[in-house]
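Working notes, structure below.
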Amino acid sequence: MANVADKPLVHEDDLLIEEYGYDDHFHDHHHGDKFQSNFVTTYFFSQDHKMIAKQFLITGMFWAIIGGLMSLVFRLQLGFPEENMAWLKPVLGKWITVNDAGIGSLAPEFYYALVTMHGTILVFFVLTAGLSGTFSNLLIPLQIGARDMASPFMNMLSYWFFFLAGVVMFFSLFLNTGPFAGGWTAYPPLSALPQASSGSGAGMTLWIVSLVFFVVSVLLGGINYITTVLNMRTKGMSMWRMPLTIWAFFITAIIGLLSFPVLVSAFLLVTFDRSLGTSFFLSEIFIGGQALDHVGGSPILYQHLFWFLGHPEVYIIILPAMGIVSEVLSVHSRKPIFGYKAMVYSILAIAFLSFIVWAHHMFMSGVNPFISNFFVIFTLIIAVPSAVKVFNWIATLYGGNIRFNSASLFGIGFVSMFISGGLTGIFLGNSAIDIQLHDTYFVVAHFHIVMGVAAFFGMYAGIYNWFPKMYGRFMNETLGKLHFWGTIVGAYAVFWPMHYLGMAGVPRRYYRFDSFAAFGSFDLMNQFITIAAIITFGFQLLFVVNFFYSIWKGKKMTDRNPWKASTLEWTTPIEGIHGNWPGKIPTVQRWAYDYGKDGKDFIPQIQPVGADESKDEH
Amino acid sequence: MNATVATEYTRSKIHPKKFALGVACASILMMFAAFTSAYIVRQAAGNWLEFRLPDIFYINTLVILLSSATVHGSYLAFKRGKTQAYRVLLVFTLILGLAFLALQYQGWQALTSIGVELTTNPSGSFVYVISGVHAAHILGGIAALIVAIIHAFALTHKVTPARKLRFEMTLIYWHFVDFLWVYLLVFFTLQQS
Ligand code: HEM
Ligand SMILES: [Cu+2]
């Protein structure tokens, strides 16, 4: 039987859909065109999930570049504190102070602003909106067999709230007093006292406004994703037949809906403290010798509220990447994902546990050590489902007929990063060891590897894999592989040494270390990290060039299903159309991972189960 | 081709929009869960001014409960084609909703008059903020009610699926904010006793 479509009969898929699909009369009434009737509704206020996905992606890329450049500036400061930075004056203006000798240096306040903005931008704008926004939008309707999201209008609003959040944050970069500079976690009193530092005034106000818009965006998106997955699956697409991507996006959205509102509560209380004189988070404080009116507040309370979001947030970032990697590794190793159900259950377990471990970020804030024990135990238990997932990815690859292309390489790189960073998590999760490691570069190394770099790898795997679905063209493979090798070597070069810094006690968020004789021995290491960071950033530019070049000039897609994948998105026409399928909606006959079954390379989900076919035993 | 085709097709009965509203309510609930657990955590830390919630908040609870009853009555009347009751009860609901807001305001003033101002102590600040955010959600419900009233009076009374759905959305939300207030009141009462 010809699964691999013979050329003249290019669209066997269409025949299957015509025969077994069902007719929802979507194309009878002409609402298809209402959505994309002119330039503005096609490219700006689009309500088509595929276009909204691209909007999220490209906006995310914009922010990744800004956020990445910021890190280079503060890395220069850390690696070469004595060097002349006057050449940055045209960009950074008054934040570079030039002394009589003509040597320019970075203003310390602005160093903090850069670190804060880098964290906020990367965590929220790039790895939340750019990752989950992009792929949830692109893949949920396509992979579950829906015409679009449950509410395309809300979906559009979700993007534009994200955009608005970006505009406000961008604007805050140009404030005379500078953007917020109290760290991405915005702990009081720096966040709650407008006079606490130069960024705590207008900068913090805009930071909060921006993030509230951002939360609105996440909630609008999340409500849509959940509703779409639960209500709009096509015939035959039972929950247990959903690709792991969909499971991951679905659970991610649920986590977001349960945790982001808590962040809003915290912001609201901060706002009251800031402008109406309440003392939720502010206790007796003296500024400039003057006692403030605030009494009896608890800054720890803020930390509880923040990390109740903050920890789930890290899984909001990593789960979509995990889903993408599961899919990419299975497709490119031509094997079913190993332990499908175990994968789903570990997503569920991670999601559940992520709500009861938040205080592992607060071991050193003076919380009761007996309460810490509770959090130590649950934190360490998270390692179990994480390990199950890692085992399953490796087992999926094992013995596979792996295609080593950019997508699968980044998938494999993800697994490597997740292992390296997960292991250091186990150190940090022990409250006793955390006494030494807390707020050092060890933590910075941990979360950049396990979350920052790993999530980027998941995102790259997804982009290389689904670029043809988005733009009908391929990205350049040679550049892609170069990008991969440069990035994985570079990322380890940047973050691995930080573990040593951290173990020696070098604190994070310090502007310079020359008054600490003990840290003098790390000067060379800091220089090495800075240089590695600059080179690694250069490799990302390679990706950006490849991306935009390929949109217009990339190799054209001629086969609808270039990766020979079994999921539904590859049964749609190459030129994405509104409503996704030109005629009927496909009906799903089997799970998403029939690769190498009964000696066949793959069997698409729309193919009915043959009478002589062996039974699925997943 | 000899094949078995998937035939089972169970689409869940609930309308996606209604489902989405339920999800939105869940996330609003999380926000209040955060407020109330912050209250508990803060209370445990000491320096906590004890006071009794003014009676007006209890009276007000009756008002909002009554409004839930009237909006439900209006919904039943809508379904049974009793135009008069449908319209009148809906207007009653709106009036009760506005009365609730006005009485909450009175409640805040009563708080101030017993010396519990916004900034006096976190125990009072929490009451102001939590009931204030709740009032903001009531305001959203009032907007929905106004739209419902415009529909009730401007359109001829017909029970179409679209109109039924719209009414049900308003109904669910209004019951939700009502329930939310009851939860908050019980919470405050238990914490302050
Ligand atoms: C094996 C699982 C993991 C364990 C046991 C673990 C444990 C910890 C602990 C105890 C800390 C606090 C360290 C300190 O501040 O002293 C921490 C920080 C952090 N972890 Fe993990 N982690 C794990 C996996 C992850 C994953 C999967 C992510 C993200 C995808 C992540 C992201 C972060 C972030 C962002 C921080 C630092 C936040 C900050 O202080 O700015 N961790 N981790
Ligand atoms: Cu955590």
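Rule-based calculations on the coordinates, nothing more; no lab input. Keep in mind that what you see is a predicted model, and the values were worked out from it rather than measured. Cβ coordinates were reconstructed from backbone atoms using ideal geometry, including for glycine residues, and neighbour counts include every protein chain displayed.
Some notes on this structure:
- Residue with peak Gaussian network fluctuation, chain B [Cα springs, cutoff 10 Å], from B:Ala77, B:Ala135, B:Ala44: B:Ala44
- Expressed per residue, the C-alpha convex hull volume of segment A:377-443 stands at 85 Å³.
- Relative to one another, the C-alpha centroids of segment B:63-77 and segment A:429-492 are positioned 54 Å apart.
- From helices alone, chain A scores -19000 deg cm²/dmol at 222 nm; the rule is -39500 (n - 2.57) for each run of n ≥ 4 DSSP H residues, then divide by the residue total.
- With a simple spin-label model that places each label point 7 Å from the Cα along the Cα-to-Cβ direction, the separation between B:Ile150 and B:Val88 comes to 2.6 nm.
- Prolate/oblate/rounded label for segment A:533-591 (Cα gyration tensor, a/c 1.5): prolate
- One Cα centroid belongs to segment B:155-185, the other to segment A:38-117; the line between them spans 47 Å.
- Note: relative contact order over chain A, using C-alpha pairs below 8 Å and six or more positions apart, is 17 percent.
- Shape call, the protein assembly as shown: gyration tensor on alpha carbons, a/c limit 1.5: oblate
- Gyration tensor verdict on segment A:84-211 (Cα atoms; rounded if a/c is under 1.5, prolate if a/b is larger than b/c, oblate otherwise): prolate
- Two-site FRET efficiency, B:Tyr183 against A:Tyr510, from Cβ-Cβ distance with R₀ of 60 Å, rounded to 0.05: 0.85
- Descending principal axes extents, segment B:55-192, alpha-carbon based, whole Å: 53, 20, 19
- Mean-square fluctuations from a GNM of chain B, with a 10 angstrom spring cutoff on Cα atoms, peak among B:Gly132, B:Gly73, B:Gly46 at B:Gly46.
- Shielding of peptide B:39-48 by partners, expressed as the average count of other chain Cβ atoms within 10 Å per residue Cβ, is 3.
- Chain lengthening between A:Leu92 and A:Tyr398 when straightened (0.36 nm per residue, less Cα-Cα): 105.1 nm
- Between the C-alpha center of segment A:300-368 and that of segment A:179-219 there is a gap of 25 Å.
- Dipole of chain A, positive end: most advanced residue of A:Gly183, A:Phe539, A:Trp95 [Cβ charges, Cα centre]: A:Phe539
- Averaged over the residues of peptide A:212-221, the number of Cβ atoms from other protein chains lying within 10 Å of each residue's Cβ is 1.
- Around the amide H of A:Asp594, modelled in the peptide plane, lie the amide H atoms of A:Ile603, all under 5 Å away and 5 or more residues distant in sequence or on another chain.
- Close amide H partners of A:Asp24, meaning residues 5 or more places away or on another chain with modelled amide H under 5 Å apart, are A:Ile585.
- Kyte-Doolittle at least -0.5, axis length at least 27 Å by Cα - qualifying DSSP helices, chain A: A:49-79, A:152-172, A:202-231, A:244-275, A:299-332, A:369-397, A:406-428, A:477-503, A:523-553
- Projected label points at A:Ile577 and A:Leu348, each 7 Å from Cα along the beta carbon direction, are separated by 3.9 nanometres.
- Shown in residue order for segment A:361-366 are the 3J(HN,Hα) couplings computed by the Karplus curve 6.51 cos²θ - 1.76 cosθ + 1.60 at θ = phi - 60°: 7, 10, 3, 9, 9, x Hz (x for Gly and Pro).
- Among B:His151, B:His134, B:His72: highest mean-square fluctuation, GNM of chain B, C-alpha pairs under 10 Å: B:His151
- Residue mean of other protein chain beta carbons inside 10 Å, A:267-279: 4
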